[in-house]
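Everything below concerns the one structure shown next.
The values are calculated or read from the model by the stated rules, or taken from the named source; none is laboratory data. Values in this document were obtained by computation on a predicted structure and should not be read as measured data. Positions of Cβ are generated from backbone atoms using ideal geometry, with glycine treated the same way; all protein chains shown enter the neighbour counts.
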Amino acid sequence: MSRRRLGRSELFVAPLGLGGNVFGWTINERESYGILDAFVDRGFNLIDTADVYSNWAPGNLGGVSETIIGKWIKARGNRDRIVLTTKVGYAMGTGQEGLSRRYVTEAIEASLRRLSTDYIDLYLAHREDPQVPIAETLAIFADLVQAGKVRAIGACHHGTKQLSAAEHISGQEGWPRFETVQAHYNLYDRGGHEAELAAFCRAHEIAVTSYFSLARGFLSGKYRTRADFRKSPVRGLFMKGYLNERGLRILDALDEIALAHSVAPASVAIAWLNSRPGLAAPIASATTVEQLAQILDGATIHLTVDELQHLDSVSSY
């Protein structure tokens, strides 16, 4: 199979990506297959995971999400239909973390094995590594692109200072540059991204994908009182920060607009993200096909100018 580096305009064919963090954690392999099948059946193709998913769960050593996705790809024979993203950098064990040449060289091979593929479409540096010069990371990434093991590179959890240095070095050395940045961004969590990173990415023509696109599930409308935390004790731990006057105001607006479009509040939250300048694709995960349908609807509905302004207003910070 011939491969070439992805250009900015080729990264995603549809404005939404499926998050793989839940695979092998909150849903099992069979359920994960159902979500993946439904996702591609609706014409979407961006699947996002990481080597570390989901080693925060008891008994999970990491690599589980990649393994499930790889087995699914092999079973379906659909690798050429998928834009596959994975990440490297967080700890996978003693001495197995960071962005050094030594570790990235090992980590990419492990990810390729788990994913049952010989190339990654988009390989992300999952975090900054203060122990490793960014030039060393970019150099090994360049080698991976040259070898055909990676098509494009990006970053997650990186600040503008590090991204600016990376942009300069890539240009100076003629190496592949970060084509995408994955940022924590949604209708509630706006300030961190909009303060600086959004403008930087637009200025440098770096595509942005968002994680926690539904604010860990809060923007689905599932959590409206503290009693609702019983629905998911794990996610309920994070809801306390959202369940306030501003959060409830946002939910009310989502309810109103969702009713007008005959969709779920989650669909409207995704549609708002897709209206943001420079946002190439929200990343969202689902544990049921019904949840997935709501997320995918968000990539197809179009909000009016008044609706977008209303959401901007109620979520102002």
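Things worth noting here:
- The residues on offer are ARG101, ARG127, and the sole one that is basic (Lys, Arg), touching a residue at least 12 places away in the same chain (Cβ under 8 Å) and in contact with a Gly (Cβ under 8 Å, 6 or more places away or on another chain) is ARG127.
- Restricting attention to the stretch 91-132 and to residues that are touching a Ser or Thr at 6+ places or on another chain (Cβ under 8 Å) and acidic (Asp, Glu), the residue that is modelled with the lowest pLDDT turns out to be ASP121.
- Whichever residue in the stretch 83-98 is free of Cβ contacts under 8 Å to residues at least 40 places away in the same chain and of a type outside the set (Gly, Ala, Ser) and, among such residues, is farthest from GLY20 (Cα to Cα): THR94
- If the condition is being in contact (Cβ under 8 Å) with a residue 40 or more places away in the chain and within 21 Å of GLY154 (Cα to Cα), then the stretch 191-203 contributes ALA198, PHE200, CYS201, ARG202.
- Test: LEU248 is touching a Ser or Thr at 6+ places or on another chain (Cβ under 7 Å) and over 17 Å from GLY154 (Cβ atoms): no
- Only one of the numbered conditions (1) touching a helix residue (DSSP H, G or I) at 6+ places or on another chain (Cβ under 9 Å); (2) farther than 28 Å from HIS310 by Cβ is violated by ARG246, and that is (2).
- Considering the stretch 196-243, and only residues there that are at pLDDT 95 or above and polar (S, T, N, Q), the residue that is surrounded by the fewest Cβ atoms within 10 Å (Cβ to Cβ) turns out to be SER220.
- Residue within the stretch 168-175 that is out of contact with any Cys (no Cβ under 8 Å at 6 or more places or on another chain), within 29 Å of VAL22 (Cβ to Cβ) and surrounded by 15 or more Cβ atoms within 10 Å (Cβ to Cβ) present: no
- Among the candidates GLY192, GLY217, GLY171, the residue that is within 30 Å of ASP118 (Cα to Cα) and either part of a helix (DSSP H, G or I) or under 20 Å from the mean Cα position of the chain (by Cα) (or both) is uniquely GLY171.
- Residue that is nearest to the chain's Cα centre (by Cα), among those in the stretch 20-49 that are in a strand (DSSP E or B) and touching a residue at least 60 places away in the same chain (Cβ under 8 Å): ASP48
Per-residue answers, yes or no, for (1) of a type in the set (A, V, I, L, M, F, W, C); (2) crowded, with 16+ Cβ neighbours inside 10 Å; (3) under 28 Å from PRO277 (Cβ atoms); (4) under 17 Å from the mean Cα position of the chain (by Cα):
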site	(1), (2), (3), (4)
ALA107	yes, yes, no, no
TYR119	no, yes, no, no
LEU138	yes, yes, yes, no
CYS156	yes, yes, yes, yes
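- Counting only residues that are assigned to a helix (DSSP H, G or I) and not β-branched (Val, Ile, Thr), the stretch 125-168 holds 17 of them.
- Taking residues in the stretch 306-317 that are touching a residue at least 40 places away in the same chain (Cβ under 8 Å), and partners anywhere that are part of a loop (DSSP other than H, G, I, E, B), the pairs with Cβ atoms closer than 7 Å and at least 6 places apart or on different chains are LEU311/LEU187; SER315/LEU187; SER315/TYR188; SER315/ARG190; TYR317/ARG190.
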